[in-house]
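Right, one structure below, let's go through it.
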Amino acid sequence: MGNFQEASDLESNVSISSRRFEESPFIERTYCPGMIRGVYAGRYFPISLGEDHIEKYWCLRQKALIFDTPEKPIEISGPDAVPFLEHVLARSVATMTEGRGYYAIACTPQGGVFMDGVMFRLEENRFWYVQADGPFESWLIAHSGGYDVTISDPNSRVLQIQGPASLEIMKAASDGAVNETLKYFRSDYFDIGGQQFYVSRTGFTNELGYEIYCNGDETDHLALWDHLMTSGAPHGLEFSSTRAMILRRIEGGILGNLTDMTPDMTPFEAGLASFIDMDKEGFIGREALVGKDTRSCLVGLTCETETPASGAIVLDGDVAVGHVTAGIPSPTLGLGVGYVRFDAPGDWVGRSLTMRLPDGSTHDTQIVEVPFFDREKAIVRGLDRSIPQRPTMGTPT
């Protein structure tokens, strides 16, 4: 089941017991009467505050936003932590240095994508895997037989501060300790407002940004929130639901687990071949991946007349050749963009095809590579610190 966050999802809500999932420890600061929440990795998070999400998007691109995110760190520790992770992940972690982060995928025995996330090495035999949506903790426990490891939930809620002003905000919040020396996909412990936190230079927007990992009951969450908001106020920091984040993550070519990629597709089909270490023996799913076509079936599409919607059919003439997994109106590009999953790999990029929306209307589309702009990732790496200007033209709704 996909964790969709398109405009129509805001009209499709049900009542559910609040005790079934984890409440955010920041809810006293973030709640508003118009809040609509979703569930991700068993945690509530705000998908809308009733705000103008386009205005929030431009705050993200020109200043900074703080997001209360539901991503969930899982701790793997013990003498066999490294061989265990080599078994369950398709990317080698043995050579990781402390403070390094790796994007890593866990495959099913059939070679499908089960989970994606970021692995951090906190100590020699202590790792955190910051998982996407799905039951990954149970998966790890189920495969831990024969390994001297402990799988545990550190109860860490994660805040993301993203946008070009995020560096100056983190400098202010940490009395200068978080600065330019913390490189992309690096992490360390820092004092923020008198509390110790693990901080990484990562995020879910492809903007310059940071993630702050709380420490369960040891953290005074409201004090942290107030300190960050005070530190960020001079730099234009605002709180946002994840709607602005979703717009930017799709523009930036970041995939959503269970939405854009699912267990019935290989990481090759998802365009993630570079993160699969086929030279490593023994990881779950490797045998099923041997000999598979390594070409991607998941690429981008753009549409000048309408926003792509999940479930829309992509046609080559009269023949259905794929479907849209997610789509958004791109404020930067001034057109609709989304991901299309083709039924088979091929020379799709550069083609002009037709998209048939769920309402039956058809629209011309262009098939393109992702990300949709900044393909060198100069923004997220901090190499491009320029502030983008808002285009005068509108975007599809």
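The values are calculated or read from the model by the stated rules, or taken from the named source; none is laboratory data. Keep in mind the model is a prediction, meaning the values are calculated, not measured. Methodologically, a virtual Cβ is constructed for each residue, glycine included, from the backbone with ideal geometry; neighbour enumeration extends over all protein chains shown. With ligands, DNA and RNA removed, areas are computed over all heavy atoms of the protein, side chains included. Shrake-Rupley method; radii C 1.70, N 1.55, O 1.52, S 1.80 Å.
For the stretch 190-213, a residue qualifies if it is open to solvent by 40 Å² or more (accessible area, probe 1.4 Å), in a strand (DSSP E or B) and farther than 20 Å from ASP153 by Cβ, and exactly one does: ASP191.
For the stretch 274-287, check the following and say yes or no: at least one residue is of a type in the set (Asp, Glu) and within 27 Å of VAL39 (Cβ to Cβ). Scanning the stretch 274-287, I find no residue that is of a type in the set (Asp, Glu) and within 27 Å of VAL39 (Cβ to Cβ), so the answer is no. Note on the stretch 80-126: residues that are of a type in the set (Lys, Arg), out of contact with any helix residue (DSSP H, G or I) (no Cβ under 6 Å at 6 or more places or on another chain) and touching a residue at least 60 places away in the same chain (Cβ under 8 Å) total 1. Look through the stretch 165-183, keep the residues that are within 24 Å of PRO388 (Cα to Cα), in a loop (DSSP other than H, G, I, E, B) and of a type in the set (D, E, K, R), and return whichever of them is least open to solvent (accessible area, probe 1.4 Å). Among them, the one singled out is GLU180. Given the structure, is THR325 surrounded by 14 or more Cβ atoms within 10 Å (Cβ to Cβ), in contact with a Leu (Cβ under 6 Å, 6 or more places away or on another chain) and in a strand (DSSP E or B)? No, not satisfied. Screening GLU22, GLU55 for residues that are at pLDDT 80 or above, open to solvent by 40 Å² or more (accessible area, probe 1.4 Å) and more than 30 Å from SER386 (Cβ to Cβ) leaves exactly one candidate, GLU22. Do we have MET261 as open to solvent by less than 10 Å² (accessible area, probe 1.4 Å) and more than 18 Å from the chain's Cα centre (by Cα) here? No: the conditions fail for MET261. For the stretch 84-118, which residues satisfy the criterion of being surrounded by fewer than 20 Cβ atoms within 10 Å (Cβ to Cβ), among the aliphatic types (A, V, I, L, M) and in contact with a Phe, Trp or Tyr (Cβ under 8 Å, 6 or more places away or on another chain)? Once the filter is applied, which keeps residues that are surrounded by fewer than 20 Cβ atoms within 10 Å (Cβ to Cβ), among the aliphatic types (A, V, I, L, M) and in contact with a Phe, Trp or Tyr (Cβ under 8 Å, 6 or more places away or on another chain), the stretch 84-118 yields only MET96.
From the list GLN131, GLN162, the one residue that fits, being farther than 28 Å from ASP384 by Cα and crowded, with 22+ Cβ neighbours inside 10 Å, is GLN131. Counted as qualifying within the stretch 64-156 are the strands (runs of 3 or more DSSP E) with 2 or more residues that are closer than 26 Å to ILE254 by Cβ and either modelled with pLDDT of 95 or more or β-branched (Val, Ile, Thr) (or both), namely 64-69, 72-77, 101-107, 113-123, 126-131. Could you tell me how many of the residues in the stretch 355-395 are at pLDDT below 95 and of a type in the set (Ser, Thr, Tyr)? Going through the stretch 355-395 one residue at a time, the tally reaches 2. Residues that are over 19 Å from LEU272 (Cα atoms) and without any contact (Cβ under 8 Å) to a residue 40 or more places away in the chain were ranked within the stretch 289-322; the one that is most open to solvent (accessible area, probe 1.4 Å) is ASP318. Which condition from (1) closer than 26 Å to GLU218 by Cβ; (2) in contact (Cβ under 8 Å) with a residue 24 or more places away in the chain is the one that SER138 breaks? With respect to (1) closer than 26 Å to GLU218 by Cβ; (2) in contact (Cβ under 8 Å) with a residue 24 or more places away in the chain, SER138 is out only on (2). Might you let me know whether the stretch 364-372 holds any residue that is part of a loop (DSSP other than H, G, I, E, B), in contact (Cβ under 8 Å) with a residue 60 or more places away in the chain and among the polar types (S, T, N, Q)? Within the stretch 364-372, none of the residues are part of a loop (DSSP other than H, G, I, E, B), in contact (Cβ under 8 Å) with a residue 60 or more places away in the chain and among the polar types (S, T, N, Q). Among the residues of the stretch 270-282, those identified as over 20 Å from PHE372 (Cβ atoms) and of a type outside the set (Gly, Ala, Ser) are PHE275, ILE276, ASP277, MET278, ASP279, LYS280, GLU281.
Yes/no per residue for (1) on the phi < 0 side of the Ramachandran plot; (2) among the charged types (D, E, K, R); (3) surrounded by 13 or more Cβ atoms within 10 Å (Cβ to Cβ):
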| position | (1), (2), (3) |
| --- | --- |
| GLY334 | no, no, yes |
| VAL340 | yes, no, yes |
| PRO358 | yes, no, no |
| GLN366 | yes, no, yes |
| LYS377 | no, yes, yes |
| ASP384 | yes, yes, yes |
| GLN389 | yes, no, no |
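Every residue in the stretch 214-238 that is in a strand (DSSP E or B) and either surrounded by fewer than 22 Cβ atoms within 10 Å (Cβ to Cβ) or more than 24 Å from the chain's Cα centre (by Cα) (or both), please. Matches in the stretch 214-238: GLU238 only.
Within the stretch 338-353, the set of residues being closer than 18 Å to CYS297 by Cβ and part of a strand (DSSP E or B) comprises GLY338, TYR339, VAL340, ARG341, PHE342, LEU353. Count of the stretch 264-279 residues, restricted to those that are crowded, with 16+ Cβ neighbours inside 10 Å and either charged (D, E, K, R) or part of a loop (DSSP other than H, G, I, E, B) (or both), is 10. Taking the condition in contact (Cβ under 8 Å) with a residue 24 or more places away in the chain, open to solvent by 40 Å² or more (accessible area, probe 1.4 Å) and touching a Gly at 6+ places or on another chain (Cβ under 9 Å), does ARG186 pass? Yes.
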